[in-house]
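What follows is a set of notes on a single structure, which appears directly below.
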Amino acid sequence: MSSQSVPAVRFSDATRVQKLDSHTYRANLEKGFCIVAVPNGGYVGSCMLAAAADRLAERRQPDMITAHFEYPERTFPGPAIIKIEDIKLGSNISRLHLTLWQGKMLSEAPWIDPASSSRKILAYSIHADLNNFDGFSLPTGYEVTEGAALPPQPDFNRLKTKGAMMCGRSRLCPRAPKSGTPCATGSSLCRARALLLPG
């Protein structure tokens, strides 16, 4: 079995899209971003979001807030057409419907042949400009407490000198033991915690 090397392509180059008209873009799905023979879904979604960002560039809404993707059919490496439908264009937030098509491509609008092209991916996305996006705040009654602080950093040097953690039991200690104090349950999780935590 011979392995064929695929030339490395930078992600920024692999997600570059070409504008065909105000709502249509062309992308080229690269072999280097495939899992076996199918382009990675996150990579293809990034191509679609690159088209969305370009569509909303003149509205100054470069930041994607949310995106939902559906993958009814497999994509394949090669050319693809991304069509964008404006669901709602707002002064602060805009919503888009994106579809990615593959199959027979046309050299002019409508760019795809519905009889021999197929819709591979559908997406909805919401965009805004986070630098100029102000929401309102409401008092909640919640506040940051000392108990909500992050746990101390593990002492990995101590782990090296004391040895590896033991695993195997699933019981959790009802309360965290002090450093060096054995847990009443004998849980390996508690032994590991005592070994890792400083002090």
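Here are some notes:
- Which numbered condition ASN28 misses (of (1) surrounded by fewer than 18 Cβ atoms within 10 Å (Cβ to Cβ); (2) of a type in the set (S, T, N, Q); (3) in contact (Cβ under 8 Å) with a residue 12 or more places away in the chain; (4) over 27 Å from ALA128 (Cα atoms)): (4)
- Wholly enclosed strands (runs of 3 or more DSSP E) of region 1-84 bearing at least 2 residues modelled with pLDDT under 95 and within 16 Å of the chain's Cα centre (by Cα): 63-70
- Condition met for SER137 (loosely packed, with under 10 Cβ neighbours inside 10 Å, of a type in the set (Ser, Thr, Tyr), modelled with pLDDT of 75 or more and over 30 Å from ASP86 (Cβ atoms)): yes
- Boolean, PRO110 is over 29 Å from ASP129 (Cβ atoms), out of contact with any helix residue (DSSP H, G or I) (no Cβ under 6 Å at 6 or more places or on another chain), assigned to a strand (DSSP E or B) and of a type outside the set (A, V, I, L, M): no
- Filter result for SER46 (closer than 30 Å to ASN131 by Cα, out of contact with any strand residue (DSSP E or B) (no Cβ under 8 Å at 6 or more places or on another chain), surrounded by 12 or more Cβ atoms within 10 Å (Cβ to Cβ) and assigned by TED's automatic domain parsing to the domain that holds ILE126): yes
- Candidate set: region 54-68, residues that are of a type in the set (A, V, I, L, M, F, W, C) and under 16 Å from HIS23 (Cα atoms); chosen: the one surrounded by the fewest Cβ atoms within 10 Å (Cβ to Cβ): ALA57
The values are calculated or read from the model by the stated rules, or taken from the named source; none is laboratory data. Predicted, not measured: the structure shown is a model, and the values here were computed from it. Glycine also receives a Cβ, built like all others from the backbone with ideal geometry; neighbour counts cover every protein chain displayed.
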